[in-house]
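Novice: One structure, pasted below without further comment.
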Amino acid sequence: MAIIVQKFGGTSVGSLERIEAVAEQIIQTKNRGHQVVAVLSAMSGETNRLLDLAHQIDAKPSPRELDMLLASGEQVSISLLAIALIKRGYSAVSLLANQIGLRTNNRFNKARIKYIDNTRMLTELQQGHVVIVAGFQGCDDEGNITTLGRGGSDTSAVAIAASLQAKECQIFTDVDGVYTTDPRIEAQAKKLEQVSFDEMLEMASSGAKVLHSRSVEFAGAHQMPLRVLSSFNSGTGTKITFNEANLTNNPVTAIASQKDEAMFTLLGIKDFKLLHKELFLALAEADIEVDMLQQSVVNHSSNDLSFTLHRNDYSSASEIISQLIRSNLIEDYIGDSELVKLSLIGRGIRANTSINRLLFDCLHENNVELFLMSSSEIKISFLVKPHVHDSLVKALHKKFKLEQ
């Protein structure tokens with residue numbers, strides 16, 4: 001009898017009717033002879049509603065108290081699902097993160113999982129119960145409720161699956177798998193039957209909404225098989241695999257986009273070693289993550305430095321950079337908070353010499369201005385203006401024949 005962990009997001013439990021449907025989905029898995037642990041998000045819109053309440057009182061609420069508030073959303077959804085299962089004659093128990101021993105650090109709003117004591121969950125499973133766990137939340141060593149930040153429920157599910165040595169972690173969403181690109185933009189987007197772990201990690205970190213990058217990282221660290229499925233339609237979904245033998249030979253697997261990018265270019269750098277130390281220390285202390293980074297060097301001297309970050313951090317980063325000017329470390333800077341990052345992702349990118357030619361042909365044909373570019377073994381990312389996003393995604397999808 002295998003353990004299956006099933007995670008259901010906010011839209012999957014967004015109403016009482018949807019919660020009843022999730023109960024039926026779990027019963028199907030249970031009737032196939034599996035033990036089931038369900039990890040739930042709050043009902044769709046609930047977390048935003050709670051955030052709005054907090055911000056009506058204080059624009060910058062206490063991080064600890066905000067976590068205490070936000071964690072209440074999942075308590076509602078897990079208890080309602082347990083009630084739905086019990087009504088159908090299936091024994092179920094709902095548990096908060098502190099009740100399953102999910103321990104995190106004390107970084108409120110963006111906590112990291114340290115370990116999980118799986119004793120309670122195993123005991124409940126052995127007694128024949130369906131275990132329903134609140135995602136997105138944890139508990140630090142002092143007993144404070146913490147939340148895991150964006151994509152936290154995905155991360156909860158994968159961590160729980162790893163701690164239980166589950167057969168598979170199934171992520172149920174409002175889409176039926178991972179596509180070559182967003183099918184709402186490109187109607188010819190194709191659902192992928194399998195995606196390699198490395199490709200999925202790059203897709204998640206490059207803006208693909210189907211899985212959060214931290215959950216994919218956790219799966220990779222623990223070799224936990226993942227599958228993305230729809231909670232609205234039946235099907236096999238997309239398997240995230242560590243076995244690359246049967247994957248497509250197309251050098252580009254998918255196109256991902258991130259619509260909330262901002263970029264800074266620092267000009268007239270006086271001492272780039274000192275600048276690196278001061279800049280990145282300040283950004284780290286402000287909890288600002290740098291995405292892409294490019295430094296221009298002419299005649300062995302650094303002339304400028306460009307980097308990107310999330311648009312939400314633009315204001316805080318501007319204050320840090322202004323301090324660099326006052327400290328005489330740079331002369332000036334250029335900032336742009338309205339950019340989009342597009343990424344070509346595929347295992348064959350590095351080995352295929354025609355990829356860059358096809359990419360730049362497409363950019364030229366569509367008269368697209370490029371702002372910054374970076375590449376790795378399986379990814380090429382670049383920044384463009386938002387107004388060209390949809391048409392460029394369609395053009396790239398066709399150029400690289402992803403519909404095939």
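Novice: If neighbour count is taken as other Cβ atoms inside 10 Å, put D67, D141, D198 in order from fewest to most.
Specialist: D141, D198, D67
Novice: While we're on this one: In whole percent, what relative contact order does the chain give with Cα contacts below 8 Å and a gap of six or more residues?
Specialist: Relative contact order here is 13 percent.
Novice: Also, quick follow-up: May I ask for log10 I(q)/I(0) of segment 87-228 at q = 0.13, 0.16, 0.22 Å⁻¹, from a Debye sum over the Cα atoms as equal point scatterers with solvent left out?
Specialist: -0.62, -0.88, -1.33
Novice: Sort S234, S79 so the one with the fewest other Cβ atoms within 10 Å of its own Cβ comes first. Each step should come with its number before you reach the end.
Specialist: Details: S234 10, S79 16.
Starting with the residue having the fewest Cβ neighbours, the order is S234, S79.
Novice: Of (1) 51, 27, 20; (2) 39, 28, 18; (3) 47, 25, 20, which one was derived for semi-axes √(5λ) of the Cα gyration tensor in Å from the structure shown?
Specialist: (2)
Novice: For segment 3-174, calculate the relative contact order in percent as a whole number, restricting contacts to Cα pairs under 8 Å that are 6 or more residues apart.
Specialist: For segment 3-174, the relative contact order is 30 percent.
Novice: What are the lysines whose alpha-carbon lies under 22 Å from the alpha-carbon of K110, with same-chain residues fewer than 8 places away excluded?
Specialist: Once the sequence-local lysines are set aside, what remains near K110 is K7, K60, K209, K259.
Novice: If you project the alpha carbons of segment 4-81 onto their three principal axes, what span does each projection cover, largest first, in Å?
Specialist: So the extents along the principal axes, rounded to whole Å, are 49, 23, 15.
Novice: In whole angstrom, note down how far apart the Cα centers of segment 196-272 and segment 151-181 are.
Specialist: Going from one Cα centre to the other spans 13 Å.
Novice: Could you pull out every whole DSSP H run in the chain that spans at least 24 Å of Cα extent along its own axis and averages -0.5 or higher on the Kyte-Doolittle scale?
Specialist: Long hydrophobic helices here: none detected.
Novice: Please give me, ordered by residue number, the GluC sites (Glu not before Pro) of segment 334-404 that lie in loop per DSSP and have at most 12 other Cβ atoms within 10 Å.
Specialist: In loop regions of segment 334-404 (DSSP not H, G, I, E or B), the sparsely surrounded GluC sites (Glu not before Pro) are E369, E377.
Novice: Turning to a different aspect of this structure: Take every DSSP beta bridge whose two residues both sit in segment 3-174, then give the antiparallel share in percent to the nearest 5.
Specialist: 25
Novice: A further question on this structure: Rank these for me by crowding, M200, M43, M224, M1, going from fewest to most other beta carbons within 10 Å.
Specialist: Fewest to most other Cβ atoms nearby, the residues stand as M1, M43, M224, M200.
Novice: For a label point 7 Å from the Cα of H55 along Cα→C-beta, name the residues of segment 82-112 whose backbone N is under 20 Å from it.
Specialist: Only 108-111 pass the distance filter.
Novice: Kindly work out what percent of the DSSP beta bridges joining two residues of the chain are antiparallel, to the nearest 5.
Specialist: Looking only at bridges with both residues in the chain, the antiparallel portion is about 60 percent.
Novice: How about segment 188-226: which GluC sites (Glu not before Pro) there lie in a loop by DSSP and see at most 15 other Cβ atoms within 10 Å? Can you show the working numbers first?
Specialist: Details: sites: E193, E199, E202, E217; in loops: E193.
Of the GluC sites (Glu not before Pro), the ones in loops of segment 188-226 whose Cβ has at most 15 other Cβ atoms within 10 Å are E193.
Bear in mind these aren't lab numbers, they're just calculated from the coordinates by the rules spelled out. No experiment lies behind these values; they were computed from the predicted model shown. Here Cβ is always computed from backbone atoms with ideal geometry, including for glycine, and neighbour counts include all displayed protein chains.
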